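Here, each number is a calculation from the coordinates, and none is a lab measurement. Keep in mind it's a predicted model, so treat the numbers as computed, not measured. Please note: Cβ atoms are built from the backbone with ideal geometry, for glycine as well, and neighbour counts cover all protein chains shown.
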Amino acid sequence: MKKILFAFILLIAFATQAFATAGSCTESVNSRDDSVVVVEFACTCDSTNGTLPTQTFSDSAMSQIKWTHFLYSVTAYPTSGGTAPDAADVAILMNGQDLLGTKGVNLIHATATYDVFPYSAFMSRDRFPTIISTLTWTLANQATNSANFTVKYVFWR
């Protein structure tokens, strides 16, 4: 009987993990004209540990900005009506380089909207890098299960 009870407990534990929702984002691309492109990621973090896998900009988004636009700003805010996130860090990467130059630390806030310009840690100044290869972005230090937030990237020509 103890073996059956133990097996049942293990089955429940594995079933709970199997139905957990991995973190994901929905990307939307908007442009009023060819000069400005806004790429938004509406995200929900993992339901068991609050993480989010690395996000890659879609081919559709990249076709509108690659070789023609530069990163102008990044804005993050908790999604209205969702689960508030922890203060968390965002890095946007192109060829392994963080285009925010670590200025994305604590960009995500539980209640407020924060924004940042791209920054060069080497030059110790803001800069606006031309997009020449596929962009990815990462989230760090967010642990609230199923947290909801939006990150908006603005690109100018």
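Over all alpha-carbon pairs in the stretch 104-157, figure out the percentage whose distance exceeds 12 Å.
The share of Cα pairs beyond 12 Å in the stretch 104-157 comes to 76 percent.
Would you work out the relative contact order for the chain, in percent, from Cα pairs under 8 angstrom that are 6 or more residues apart?
33
So which cysteines in the chain don't have a second cysteine's C-beta under 4.7 Å from them?
For the chain, the answer is Cys45, because their Cβ atoms have no other cysteine Cβ under 4.7 Å.
Taking amide hydrogens as modeled 1.01 Å from N in the peptide plane, which residues meet the under 5 Å criterion relative to His69, leaving out close sequence neighbours?
Under 5 Å from the amide H of His69: Ile131.
Mind putting together the pair-distance distribution for the stretch 77-130? All Cα pairs, 10 Å bins, whole percent per bin, short to long.
25, 45, 24, 6
Which value, in Å³ per residue, describes the convex hull spanned by the Cα atoms of the chain?
Normalising the Cα hull of the chain by residue number yields 132 Å³.
Show me 115-127, 71-83, 142-154 ranked by packing, highest mean number of other Cβ atoms within 10 Å first.
Sorting 115-127, 71-83, 142-154 by mean packing, highest first, produces 142-154, 71-83, 115-127.
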